[in-house]
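Take this structure, written in C-alpha cells, and hold onto it; I'll ask about it next.
The numbers here are math on the coordinates, done by the rules we state, and not lab data. In this text, all values refer to a predicted model and were calculated from it rather than measured experimentally. Cβ atoms come from the backbone with ideal geometry, glycine included; neighbour counts cover every protein chain shown.
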Amino acid sequence: MARSKDAHIRVQGLQPVQVLAGLVGLAYLALGIVGFARTGLGDFAGHQDVMLLGFMINPLHNLVHVVVGVLGLLTATYSGLARTFGWVLFIGFGLIAIWGLMITGVIASNPVSNLGNPLNLNDSDNWLHIATAVLGLIIAIMPARKVVHVVEPEPATTVAPSTTAETEPLRTGAHETPARTDATPVRSEVNAPEGARSPEVPGERRRASSWLRGRSHHTTAH
C-alpha cells in the first residue's frame, strides 16, 4: 500500500538578499571610514571642499555611511532582517535623493530650503543615493530561494481481526449429522444364536409342567 507524503516548502541556505545586504553594508562602512580619514571630525555639518571618488563629504555625511554599513552587516545574518534593511535603504535614500535634487536645483521647489545642505550633497551624491534606493527595493522584494521538503509518515500499525473457529457438522452420506457431544452409550443389538440364548425362568418351567400333566389326565379320561 502506497504511503502518503506531506510536502513542505522551506527557505534553505544563504539567501541572495543576505549577500546583497552584506555587500552594501561593507561598501558603505568602508566609504564612511575612509571619509572620516579625509575630513576628520571638525566642522561636523559644514561645507568642506573635500571629495571622495567624486562625492562631496563632511563628518555628518561620513557618519550616515558608517551607520548604514553597520546595519547592513548586522541584518545580513537573517533573510528577514536583510529584507527589512532593503526597505530602509529604499525609503531613507529615496528621501535623501529627493532632498539632494531639490538642493542642487534639479527640482525647483524646496520646502525645506531653510535646513541648508548639512550633508554637503552634490550631483554625484544624488546619483549614488538614487542607485542605493533602487538596490534597496530589489533587496526587499527579491524572492527567496526555497526547497521542497517531503516528509514521509511512519506506516500505521494494523491489528488483524480475531477469528473464532466453528465446529463443522460431520458429513455422512447425503445427510449431515451433528457431532455427538454427550457421553450416552450406544446400545447395539445382536441376534444371538439358538444355543446361546439365556435360560428360562424357573417359574415359567413349572407352569409348563402343570399344563402338560393336566393335558395328559384329560386324554386318559376320554
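What percentages, rounded to whole numbers, describe P(r) for the range 7-151 computed over all alpha carbon pairs with 5 Å bin width beginning at zero?
2, 10, 17, 19, 16, 13, 9, 5, 3, 3, 2, 1, 0
Among A144, L29, S109, which residue has its Cα positioned farthest towards the positive end of the charge dipole of the range 7-151, with +1 placed on the Cβ of Lys and Arg, -1 on the Cβ of Asp and Glu, and the dipole taken about the Cα centre?
Of the listed residues, the answer is A144.
Which peptide among 123-130, 99-106 comes first, and what is the full order, when sorted by highest mean count of other Cβ atoms within 10 Å? List each step's numbers first, then the result.
Values: 123-130: 18.5, 99-106: 16.9.
The packing order, highest mean first, is 123-130, 99-106.
Here is a further query. Obtain the nm distance between the two label points defined at R38 and D123 by a simple spin-label model: each point lies 7 Å from its Cα along the Cα-to-C-beta direction.
Distance between the two pseudo-spin positions: 1.8 nm.
To continue, here is another question. Going highest first, how would you order 136-145, 44-53 by mean Cβ packing within 10 Å?
Details: 136-145: 16.2, 44-53: 13.9.
Put in order of decreasing packing, that is 136-145, 44-53.
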